[in-house]
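First up is the structure itself, then whatever we jot down about it.
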Amino acid sequence: MSETDESRITTNEAPAATPPKAAARKAAPGKRAVKKAAPKKTAAKKAASKKTASKKAPRKAATRKPAAKPASVLIVGAGFAGLGMAIRLKKAGIEDFVILERGDDVGGTWRDNTYPGAACDIPSNLYSFSFAPNPNWSHSYSGGAEILDYIHYLVSAFGLREHIRFQHNVTALDFDARRGLWTAELEGREPLRARAAVMAQGPLSNASFPDIDGVEDYQGKKIHSARWDHDYDFTGKRVAVIGTGASAVQIIPELVEKVRSLKVFQRTPAWVIPRPDFRTPDWNKTLFRALPASQRAVREALYWTHETMAMAVIWNSPLTRLAERLARRHLRRQVTDDWMRRQLTPDFRIGCKRVLVSNDYYPALRKDNTQLITWPIAKLSENGIRTADGVEHELDCVVFATGFDVPKSGTPFPVRGRAGRELGEEWARGAQAYKSINVAGYPNLFFLFGPNSGPGHNSALVYMEAQLDYALRGVHRLLDDNLKLLDVKPTVQARHNKQLQKRLARTNWNSGCKSWYLTEDGFNATMFPGFATQYRAQMATFEDGDYDSEPR
């Protein structure tokens, strides 16, 4: 983005002053002309001139940069959630908003995760916004690059580029209760203020190497799945993949075709089901373009198909056993070795951890140059990985497919609300919110993909659209009624979360296994215990009585 583009994004920052050298060059010709034409001043005129100059001198101080005008809304993050919020605001006629993006491009998770085989495990026609359908998906399950292209399309189609501030890393959010404003502290930049703030950085935005002994001692190449090194040549290398989750099952089939040897270190096997992926024929794309209602019908059918899956993965039901039989059959058909099949069979109920979708993961494990290792990792040494059985595996490269630092507790940066409250401290033992989107004591603040908004069976964007509409209602209430603050009542939030946790106790997620859905002490701050239809119904109404408000 050019400096010119950035200076006209919003009214949040005053225009930059004219560069000093340019100002001098511009003034110089005028001075020379005046010098030639001006007659000599008399003593009286000189005195008068000095008197006038002395009277005008104080005005010189008034040329200081004025205070920046607060925006209506600050949005943190330019992934699906942040851009979706921006589109909703624009459609509602709210134009003075700013999107703060720490990176140099949009896309969030799909910008960062460019590892080989990266793709979504939800059908493309469902993993997209209903208000911005794409009739040109190349496959039923599209790859990461195509999803990123769709995100760039959203920016272009809805004119969002001028609202985005790239390389604006938020280091803190502070609420001023007296003025009813949120201030975003920025790394190396002037703070920005707004009447409302939207946390849209997403749960899968931060990644780091896992806490394994000796990670810093290893002298070979280290690559995290979310920070892929495309310059590294895997050809003929001895490579290890740590992890067998959603990223790993996409990476492993790609790497096995290039490397000399691939060792897959598995801590816990996962349930894997087939992926019905196929190339979209041209006539299908033409139909969607000519008759948008046909694509809406397909999306609706996919939605209800995935809704039925809730009965299998969220609660223990006859459909749960059916889903497990399907997964076991998939394993039997693709893995003929009895011992390997035993190693790959989970000992927990399907749905307790994330269900994986893959057609080529099991075949990749059966390749001659692949070895599945189930001994626990003791440590990383200088030359490779040492397992608990005392074997040291010498390696050229270790790929960490170990997921993200999902914020089940704490916050990505300090968020300070009313009366000095700090959200990270309040969420230390597990995050809680009202309808996943508002937190008592933090007025005018809206979370997208907040606590207990995670889907286990349907598209995340279905849930997200419901959140966008709810947040927009809150922003409208704040602006239209000229409120200084809009804050959910603590009693309302407490009652909501008590009911949530009671429902979660009966789900497969809370049935005993360890997963990234839960905190260390077993608190589920991640998932919503119900159908997407129930979640949408929950978000469909904005009850004024649930909130305390104060006029400006």
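Out of all the residues in the range 247-278, which are assigned to a loop (DSSP other than H, G, I, E, B) and either within 20 Å of residue 215 (Cα to Cα) or open to solvent by less than 30 Å² (accessible area, probe 1.4 Å) (or both)?
Applying the first criterion (assigned to a loop (DSSP other than H, G, I, E, B)) to the range 247-278 yields 247, 256-260, 266-271, 274-278.
Those that are assigned to a loop (DSSP other than H, G, I, E, B) and either within 20 Å of residue 215 (Cα to Cα) or open to solvent by less than 30 Å² (accessible area, probe 1.4 Å) (or both): 247, 256, 259, 266, 267, 269, 270, 271.
Yes or no, residue by residue, for (1) over 30 Å from residue 188 (Cα atoms); (2) open to solvent by less than 40 Å² (accessible area, probe 1.4 Å); (3) modelled with pLDDT under 95; (4) touching a Leu at 6+ places or on another chain (Cβ under 8 Å):
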{"position": "81", "(1), (2), (3), (4)": "no, yes, no, yes"}
{"position": "84", "(1), (2), (3), (4)": "no, yes, no, yes"}
{"position": "117", "(1), (2), (3), (4)": "yes, yes, no, no"}
{"position": "128", "(1), (2), (3), (4)": "yes, yes, no, yes"}
{"position": "136", "(1), (2), (3), (4)": "yes, no, no, no"}
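Output yes when any residue across the range 467-487 is assigned to a helix (DSSP H, G or I) and closer than 30 Å to residue 268 by Cα, and no when none is. Explain how you work it out, then say what you get.
To start, the set of residues in the range 467-487 that are assigned to a helix (DSSP H, G or I) comprises 467-480.
Now restrict to residues that are closer than 30 Å to residue 268 by Cα: none.
No, the conditions are met nowhere in the range 467-487.
Output the number of residues of the range 86-95 satisfying the condition of being outside any helix (DSSP H, G or I) and either basic (Lys, Arg) or open to solvent by 50 Å² or more (accessible area, probe 1.4 Å) (or both).
Taking the range 86-95 first, the residues outside any helix (DSSP H, G or I) are 92-95.
Subsequent filtering for residues that are either basic (Lys, Arg) or open to solvent by 50 Å² or more (accessible area, probe 1.4 Å) (or both) retains 93, 95.
Summing the residues that are outside any helix (DSSP H, G or I) and either basic (Lys, Arg) or open to solvent by 50 Å² or more (accessible area, probe 1.4 Å) (or both) in the range 86-95 gives 2.
Just need a number here: residues in the range 475-484 that are closer than 17 Å to residue 447 by Cβ and either acidic (Asp, Glu) or surrounded by 21 or more Cβ atoms within 10 Å (Cβ to Cβ) (or both).
Of the residues in the range 475-484, 2 are closer than 17 Å to residue 447 by Cβ and either acidic (Asp, Glu) or surrounded by 21 or more Cβ atoms within 10 Å (Cβ to Cβ) (or both).
So which of 124, 156 ends up being free of Cβ contacts under 8 Å to residues at least 60 places away in the same chain and buried (at least 21 other Cβ atoms within 10 Å of the Cβ)?
Working: 156 fails: buried (at least 21 other Cβ atoms within 10 Å of the Cβ).
One residue alone meets the criteria, 124.
Can you tell me how many residues in the range 493-552 are in a helix (DSSP H, G or I) and closer than 17 Å to residue 348 by Cβ? Walk me through how you get there before you give the answer.
At the first step, the residues of the range 493-552 found to be in a helix (DSSP H, G or I) are 493-504, 508-510, 532-539, 544-546.
Among the residues that remain, those that are also closer than 17 Å to residue 348 by Cβ are: 504, 508-510.
Residues meeting the conditions: 4.
For the list (1) in contact (Cβ under 8 Å) with a residue 12 or more places away in the chain; (2) on the phi < 0 side of the Ramachandran plot, I need the number of the one condition that residue 233 fails.
(1)
Scan the range 236-267 for residues that are more than 12 Å from residue 398 (Cα to Cα), small (Gly, Ala, Ser) and either modelled with pLDDT under 95 or in contact with a helix residue (DSSP H, G or I) (Cβ under 6 Å, 6 or more places away or on another chain) (or both) and report the count.
3
Let me confirm something: among 510, 452, 444, 524, which residue is touching a strand residue (DSSP E or B) at 6+ places or on another chain (Cβ under 8 Å) and open to solvent by 10 Å² or more (accessible area, probe 1.4 Å)?
On the way: 452 fails: open to solvent by 10 Å² or more (accessible area, probe 1.4 Å); 444 fails: open to solvent by 10 Å² or more (accessible area, probe 1.4 Å); 524 fails: open to solvent by 10 Å² or more (accessible area, probe 1.4 Å).
Going through 510, 452, 444, 524 in turn, just one is touching a strand residue (DSSP E or B) at 6+ places or on another chain (Cβ under 8 Å) and open to solvent by 10 Å² or more (accessible area, probe 1.4 Å): 510.
Please go through the range 378-432 and pick out each residue that is open to solvent by 50 Å² or more (accessible area, probe 1.4 Å), at pLDDT below 95 and among the β-branched types (Val, Ile, Thr).
Listed by number, the list holds a single entry, 402.
I'd like the residue in the range 203-223 that is of a type in the set (S, T, N, Q) and open to solvent by 40 Å² or more (accessible area, probe 1.4 Å) and, out of all such residues, is modelled with the lowest pLDDT. Give the derivation first.
Going through the range 203-223, the residues of a type in the set (S, T, N, Q) turn out to be 205-206, 208, 219.
Checking the rest, the ones that are also open to solvent by 40 Å² or more (accessible area, probe 1.4 Å) come to 206, 208, 219.
Details: 206: 58, 208: 69, 219: 95.
Only one residue fits best here, namely 206.
Anything in the range 323-345 that is surrounded by fewer than 18 Cβ atoms within 10 Å (Cβ to Cβ), β-branched (Val, Ile, Thr) and closer than 16 Å to residue 363 by Cβ? List them, or say none.
Correct list: 336 only.
Are any residues in the range 164-202 in contact (Cβ under 8 Å) with a residue 60 or more places away in the chain, of a type outside the set (D, E, K, R) and surrounded by fewer than 18 Cβ atoms within 10 Å (Cβ to Cβ), and if so, which ones?
Across the range 164-202, the qualifying residues are 166, 167, 169, 171, 172, 177.
Just for the range 104-114: of the residues that are crowded, with 21+ Cβ neighbours inside 10 Å and in contact with a His (Cβ under 9 Å, 6 or more places away or on another chain), which one is nearest to residue 299 (Cα to Cα)?
Out of the qualifying residues, it is 107.
Just to verify a result, which residue in the range 361-400, among those that are assigned to a loop (DSSP other than H, G, I, E, B) and in contact with a Lys or Arg (Cβ under 9 Å, 6 or more places away or on another chain), is nearest to residue 272 (Cα to Cα)?
First pass over the range 361-400, keeping only residues assigned to a loop (DSSP other than H, G, I, E, B): 366-369, 374-376, 381-383, 388-391, 395-396.
Adding the requirement that they be in contact with a Lys or Arg (Cβ under 9 Å, 6 or more places away or on another chain) leaves 369, 374, 376, 395-396.
Numbers: 369: 22, 374: 17, 376: 22, 395: 28, 396: 29 Å.
Within the range 361-400, the match that is nearest to residue 272 (Cα to Cα) is 374.
Quick one: count up the residues across the range 294-319 that are surrounded by 14 or more Cβ atoms within 10 Å (Cβ to Cβ) and of a type in the set (Asp, Glu).
Matching residues across the range 294-319 total 1.
Among 439, 492, 462, which is among the β-branched types (Val, Ile, Thr) and touching a His at 6+ places or on another chain (Cβ under 9 Å)? Walk me through it before giving the result.
Details: 439 fails: touching a His at 6+ places or on another chain (Cβ under 9 Å); 492 fails: touching a His at 6+ places or on another chain (Cβ under 9 Å).
Going through 439, 492, 462 in turn, just one is among the β-branched types (Val, Ile, Thr) and touching a His at 6+ places or on another chain (Cβ under 9 Å): 462.
Assuming residue 146 fulfils every condition listed in (1) in contact with a helix residue (DSSP H, G or I) (Cβ under 6 Å, 6 or more places away or on another chain); (2) closer than 25 Å to residue 309 by Cβ apart from one, which condition is it?
Failed condition: (1).
The values are calculated or read from the model by the stated rules, or taken from the named source; none is laboratory data. Computed from a prediction, not measured in an experiment: that's the story for all the values here. Methodologically, a virtual Cβ is constructed for each residue, glycine included, from the backbone with ideal geometry; neighbour enumeration extends over all protein chains shown. Please note that ligands, DNA and RNA were not included when accessible areas were found on the heavy atoms of the full protein model with its side chains. Shrake-Rupley method; radii C 1.70, N 1.55, O 1.52, S 1.80 Å.
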